[in-house]
Amino acid sequence: MSGHGNPVPMTARKSDPLKGRAEVPGDKSISHRALILGAMAVGETKIIGLLEGQDVLDTAKAMRAFGAEVVHHGPGDWAVHGVGVGGFAEPSAVIDCGNSGTGVRLIMGSMATTPITATFTGDASLSKRPMGRVTDPLSLFGARAYGRTGGRLPMTVVGAAGPVPVRYVVPVPSAQVKSAVLLAGLNAPGQTVVIEKEPTRDHSERMLRGFGAELTVEKTAEGHVITLTGQPELKPQSVAVPRDPSSAAFPVCAALIVEGSDILVPGVSQNPTRNGLYTTLVEMGAEIEFQNPREEGGEPVADLRVRASALKGIEVPEERAASMIDEYPILSVVASFAEGMTVMRGVKELRVKESDRIDAMARGLEACGVTVEEEEDVLIVHGMGPGGVPGGATCATHIDHRIAMSFLILGLASQKPVSVDDGSPIATSFPVFEDLMADLGAQIARSNP
Ligand code: S3P
């Protein structure tokens, strides 16, 4: 199992108004997919704006281990020389996906229909997360998986020598599961069909089409029926990665709760399968202007002008959960500064993320003086109004980047400083977080250098 380094305690304090421009890094989901699809195309894929967070760097390393040439030309500027669908070589060493559920699950899918064997591992957080949700459908193609009890890493996947196409109804709302099945379907003959009852992020569908695969999506009473024709020759692409709406959420939410703030966050993806947080914030009364809407890299993007706002608690519709699944931790922080109660239902998938995010947020918010109610599938935060959160606690981050960033944002507007026991996981998705927030005027520092 890979290690995770020394903990980096950090502290955030009440800050003066945040001002300026926050250029957040490239989208994590699209970055993983650009590397994997680039490795499965024939020829050179160029990528600009790639997120250089540890999760994505681990996927780049894995693609090299499967035989693709992955070249780093400069900041965000990468090239992948792919080996074609079914062209992966057998890795000579264990594939370490670090902290990344997306990385490991998508890579398992991409190799599961090629007759090679690969062993996967990850850090202490990833090794607790369920892999059965991808290895179950991959076994329908003819792949076999041998892992620890409960389908945990480390795990060896033996790719199918004579894969058959699959029809699979995804039992949990998960873009990772959907994408793993589609990537496996690439090297199966005939048509692989994936059905999702609740739509999740659609980057795989958009990008597979962009790389030349034949893929259709039909909306039926059963849900979204995605049909992929197997064994295409994927054509290399130039991918421009838009800025990550899940990373943008942190400066945006900070500006909403730090009195007097006014910031601009340019070029943020507003893909409707990803923008549930922004819809929710507007319903809560957030002053967000979506300026200059346009298309970049096949995704709708906008520049977000955000001003500190008086917010009210709301009931977040359950059916919105998939489009903001990574944003509930930071929403629960914003909800703490709203007037009234914010009710988040249909959120049980948060329990199997990098940490149990419902538990992590509930315990940390309580320690900071916020009243929280928690059920298996529900999180309710009782807002304390602007400036009303006492703070003054150290919150456990459980090797989870989004928990670490959420509590640091909480500390920017609470009465007493808020610390986290370990901010090091932030580097997995948002390596420039500290500098970017400091440039806006946020008081965030490493506690004990
Ligand atoms: C992702 C899907 C989501 C999300 C993760 C990225 C993806 O996970 O939480 O951060 O890129 O497909 P699930 O598929 O587990 O919902």
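The values are calculated or read from the model by the stated rules, or taken from the named source; none is laboratory data. The shown structure was predicted, so the numbers you read here are calculated from the model rather than taken from an experiment. Methodologically, a virtual Cβ is constructed for each residue, glycine included, from the backbone with ideal geometry; neighbour enumeration extends over all protein chains shown. Keep in mind that these areas ignore ligands, DNA and RNA; they rest on the heavy atoms of the full protein, side chains included. Shrake-Rupley method; radii C 1.70, N 1.55, O 1.52, S 1.80 Å.
Exposed loop sites, defined as GluC sites (Glu not before Pro) outside DSSP H, G, I, E and B with at most 11 other Cβ atoms within 10 Å, are absent from the longest region of the chain, namely 1-221. Comparing Thr216, Thr394, Thr113 in a Gaussian network model of the chain, where Cα atoms under 10 Å apart are tied by springs, the biggest mean-square fluctuation is seen for Thr216.
What is the Rg over Rh value, at two decimals, for the chain, using alpha-carbon atoms and the Kirkwood definition of Rh?
Details: Rg = 21.1 Å, Rh = 22.0 Å.
Ratio value, two decimals: 0.96.
Provide the per residue accessible area, probe 1.4 Å, for segment 280-328, rounded to a whole number of square angstrom.
Details: 2130 Å² over 49 residues.
On a per-residue basis, 43 Å².
Build a GNM of the chain with springs between Cα atoms under 10 Å apart, and of His32, His72, His401 the one that fluctuates most is His72. The alpha carbon radius of gyration of segment 12-52, expressed as a multiple of 2.2 N^0.38 Å, is 1.84. Of Asn99, Asn187, Asn292, which has the largest mean-square fluctuation in a 10 Å C-alpha GNM of the chain? Looking only at Asn99, Asn187, Asn292, the biggest GNM fluctuation is shown by Asn292.
Taking every DSSP beta bridge that has both ends in the chain, the antiparallel portion is near 75%. A cut-off of 5 Å between modelled amide H atoms, ignoring neighbours fewer than 5 places along the same chain, links Ala22 with Leu264, Val265.
If you build the Cα gyration tensor of segment 1-155 and take the root of 5 times each eigenvalue, what three semi-axes come out, in whole angstrom, biggest first? Could you put the intermediate results ahead of the total?
Working: eigenvalues 172, 98, 32 Å².
In descending order, the three semi-axes are 29, 22, 13 Å.
Surface exposure of segment 28-230, expressed per residue as accessible area with a 1.4 Å probe, stands at 34 Å². Within the accessible surface of segment 77-145, defined with a 1.4 Å probe on protein heavy atoms only, the carbon and sulfur portion equals 49 percent. In summary, no helical segment of the chain meets the span-like criteria, namely a full DSSP H run, a Cα extent along the axis of 27 angstrom or more and a mean Kyte-Doolittle hydropathy of at least 1.0. For segment 333-436, the calculated P(r) over all alpha carbon pairs, in 10 Å bins from 0 to the bin holding the longest distance, is 16, 48, 33, 3 percent.
Per atom type, segment 320-449 shows carbon and sulfur on 48% of its accessible surface, probed at 1.4 Å.
Among the listed pairs Lys178/Lys235; Lys178/Lys312; Lys312/Lys353; Lys19/Lys312, those with a Cα-Cα distance over 30 Å are Lys178/Lys312. By DSSP, the beta bridges lying fully in segment 189-289 are antiparallel in about 90 percent of cases.
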